[in-house]
Structures are given as structure tokens and as C-alpha cells.
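Participant: This structure is in C-alpha cells; I'll ask about it shortly.
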Amino acid sequence: MSIMAKDSVPSETQKEEEKNPVKKGSKKKFLIMGIALFLLLSIVASVLFFSPLLFPGGAESEGAKPQGQKQTEKAPEKPGRIYPLEPFIVNLVDAEAPRYLKLRMEIESNSALAEGEMEKRLPQLRDTIITVLSSKAYKEIHDSEGKKRLKEEIILNANQLGQKFKFRAVYFTEFVIQ
């Protein structure tokens, strides 16, 4: 009889199992499902975060602008016509010693000129360039920065001739100072 009494009286572990109907095997299932859900959400968040970089036309990664503003893309410039010029030989303005500059250059216009238009303006253009070159000293034009300033000055003065066309660039093909 004592055996029956033990069986009929519920033990403390049986009482706890009755209070928590969840079994140990189901706890493992919830833990595995939780980890799987966390990994799935991490993958989805990563894809959403990096997707603008993966797909063209997504959000601009560099300098995204508000929707109301239009992006201004500079259209590539159409190449103009390049006109070669005869060499220039001028005296430089140097008090220490006489110096000479031999310069061969080509000049680029914004657009192709009408046939013969460049030839009509050539004496004026050469005079302007000689005036600019002969006003320079060796110290002003011997380095790359000086050459860059010289190109800008030539373009500025050449464009003031009142022509129907404008020059955009100067290219030095020979530059000798003696």
C-alpha cells in the first residue's frame, strides 16, 4: 500500500511540469527558431542597406540630392577645330641677360569656323600673341604654373578681338627659352 500512496501523491517535479506545460524539447525549438529569425532579419536588413549601391538608378551614393532638385550634368563639350600656328620667336623682358622664346602652338576654337575666317583674322591673332609673349620675363613663364597663366592670358586677349567665334584652349607644341 505504501507504493500506491507514493504514486497517488504527486511529486514536486510533477507539480512543476503541470504548472509549465512547455516541455524541454519545445524550448530548444523556440531557441532555434529565434536564432533563424534573427539571421533572416539580419540578411534582409543588409540587403536593404546595401541595395542602393548594388542596383543602378537606386539612391545616389555620392551627393544625393533632394527630390525637388534637378541634377545638373555637364554635357560633354563638342570638340572644336584646332588651328596650328606658325612658330613665334620673341625677345623676353629680362634686364639681366637677353633671352629669346621660341614657341610653336595650336589654338582650339569653340566651333569650326567658316572656311577662310581664320585666315582673315590670322594677322590680328598673331599680333595679339606676339604682344603677350614679348611682355613676359623668364621668371614668369619658366615653370608649369607660369605656362598655364600664359595660356589663359593668350586666350583672354585672343577672344577680345571681337570675332564671331571664341577660342577655348591653347596647346604649346614647342617651348624653348634661350
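The values are calculated or read from the model by the stated rules, or taken from the named source; none is laboratory data. Everything numeric in this text was worked out from a predicted model, so none of it was measured. Methodologically, a virtual Cβ is constructed for each residue, glycine included, from the backbone with ideal geometry; neighbour enumeration extends over all protein chains shown.
A quick yes/no check of all residues on (1) surrounded by 10 or more Cβ atoms within 10 Å (Cβ to Cβ); (2) at pLDDT below 85; (3) not assigned by TED's automatic domain parsing to the domain that holds Glu119:
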{"site": "Met33", "(1), (2), (3)": "yes, no, yes"}
{"site": "Leu48", "(1), (2), (3)": "no, yes, yes"}
{"site": "Leu54", "(1), (2), (3)": "no, yes, yes"}
{"site": "Glu77", "(1), (2), (3)": "no, yes, yes"}
{"site": "Val90", "(1), (2), (3)": "yes, no, no"}
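Participant: Now for a different question. Can you name every residue in the range 142-168 that is among the aliphatic types (A, V, I, L, M) and either outside the structural domain of Glu108 (by TED's automatic domain parsing) or in contact with a helix residue (DSSP H, G or I) (Cβ under 7 Å, 6 or more places away or on another chain) (or both)?
Facilitator: Leu150, Ile154, Ala158, Leu161
A quick yes/no check of all residues on (1) of a type in the set (D, E, K, R); (2) outside the structural domain of Tyr171 (by TED's automatic domain parsing); (3) in a loop (DSSP other than H, G, I, E, B):
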{"residue": "Glu86", "(1), (2), (3)": "yes, no, yes"}
{"residue": "Val93", "(1), (2), (3)": "no, no, yes"}
{"residue": "Glu96", "(1), (2), (3)": "yes, no, yes"}
{"residue": "Leu103", "(1), (2), (3)": "no, no, no"}
{"residue": "Glu108", "(1), (2), (3)": "yes, no, no"}
{"residue": "Met118", "(1), (2), (3)": "no, no, no"}
{"residue": "Pro123", "(1), (2), (3)": "no, no, no"}
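Participant: Here's another thing I want to ask about it. If I filter the range 97-130 down to residues being of a type in the set (D, E, K, R) and over 21 Å from Arg149 (Cβ atoms), which single residue comes out as modelled with the lowest pLDDT?
Facilitator: Among those that are of a type in the set (D, E, K, R) and over 21 Å from Arg149 (Cβ atoms), it is Glu115.
Participant: Only residues that are part of a loop (DSSP other than H, G, I, E, B) and not polar (S, T, N, Q): list them for the range 127-178, please.
Facilitator: Selection gives Lys136, Ala137, His142, Asp143, Leu161, Gly162, Lys164, Phe165, Lys166.
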